[in-house]
1. Checking Leu48 against (1) over 30 Å from Ala173 (Cα atoms); (2) of a type in the set (A, V, I, L, M); (3) outside any helix (DSSP H, G or I): exactly one of these is not met. Which one?
2. Give the residue that is surrounded by the most Cβ atoms within 10 Å (Cβ to Cβ), with candidates limited to residues of the range 53-92 that are part of a helix (DSSP H, G or I), among the polar types (S, T, N, Q) and in contact (Cβ under 8 Å) with a residue 24 or more places away in the chain.
3. Give Leu217, Leu151 a once-over and let me know the one that is of a type outside the set (Ser, Thr, Tyr), crowded, with 18+ Cβ neighbours inside 10 Å, part of a helix (DSSP H, G or I) and at pLDDT 90 or above.
4. Of the conditions (1) free of Cβ contacts under 8 Å to residues at least 40 places away in the same chain; (2) more than 23 Å from the chain's Cα centre (by Cα), Gly127 satisfies every one except a single condition; which number is it?
5. Out of Ala69, Ala98, Ala118, which single residue is modelled with pLDDT of 90 or more and over 19 Å from Tyr40 (Cα atoms)?
6. So in the range 183-200, with the set limited to residues that are in a helix (DSSP H, G or I) and surrounded by 14 or more Cβ atoms within 10 Å (Cβ to Cβ), which one is modelled with the lowest pLDDT?
7. Of the residues Ala203, Ala210, Ala180, only one is assigned to a helix (DSSP H, G or I), closer than 25 Å to Pro165 by Cβ and modelled with pLDDT under 90; which?
8. Where the second residue is among the basic types (Lys, Arg) and part of a helix (DSSP H, G or I) and the first is within 25 Å of Glu31 (Cα to Cα) and assigned by TED's automatic domain parsing to the domain that holds Leu134 and lies in the range 149-170, which pairs have Cβ atoms under 6 Å and are six or more apart or on separate chains?
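The values are calculated or read from the model by the stated rules, or taken from the named source; none is laboratory data. Note that the coordinates shown come from a computational prediction; the quantities given were computed from them, not determined experimentally. Note: ideal-geometry Cβ built from the backbone for every residue, glycine included; neighbour counts use all protein chains shown.
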Amino acid sequence: MKPPVPPQLVLALGHAASLDPADFIAAPCNEAALAWIARYPDWPAPLLALHGPAGSGKTHLVHLWLQRAAALGYAPRLIDPASLAVATLPRLIGNAHAVALDFAAQDLAAAPGMDQRALLHLYNMLGERGGHVLAAAQAAPARWAIALADLRSRLAAAPSVAIAPPDDALLAAVLVKLFADRQRRVDTGLIEYLVRRGERSLAAAGRIVAALDHQALALKRPVGVALARELLERMDR
């Protein structure tokens, strides 16, 4: 009888999640958001808020919008919300008529997470030039901790679109994509098992795929139902 294979040291080399427009998975839960992007620049206000839970595809949708804005000649820019400052806004924006702010990793309902005066100025500057801001966050603007009354009123008047929880078909498709991002091809049996057995969120799908990939590398085992069952049982304890 051969001795068990000891776990191997796994280097955190990372992987790149594809944000290519061709890799976006359209589904009922995101069709409203896609419709807003498709109608751009026919938006009724200078800002559109896109909100949904972690891992729901907000960042991918932001990149879809940036691509559409570029194709229309609106010189889009993706700006790190942490870099917003009133004094540097003109340099940050340049001649852009389309500015994306991705707050996806921040909880704006718990803390401001931004320079609110700078966001107000950005809203006004883009509005004056007939441009638009797309702000993606986990919470809807009504739940953001906004102290500035002027900014609060503008956000209240701006359209807001939510990404709904995934259905089985989307969850399965996302699992396949997440494994593909890690250069792994898996069989349908594993995907069906994870859809039935796993937590029903796209963020949880990302965690389980990462954990399975790590375990498979460490134990030199294939990514399959047996490994998934062992991992999920340990996670339930």
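1. (1)
2. Top of the filtered list is Thr59.
3. None of the others qualify; the one that does is Leu151.
4. (1)
5. Result: Ala118 is the single residue among Ala69, Ala98, Ala118 that is modelled with pLDDT of 90 or more and over 19 Å from Tyr40 (Cα atoms).
6. Looking at residues that are in a helix (DSSP H, G or I) and surrounded by 14 or more Cβ atoms within 10 Å (Cβ to Cβ), I get Arg197.
7. Ala203
8. Hits for this filter: zero, empty list.
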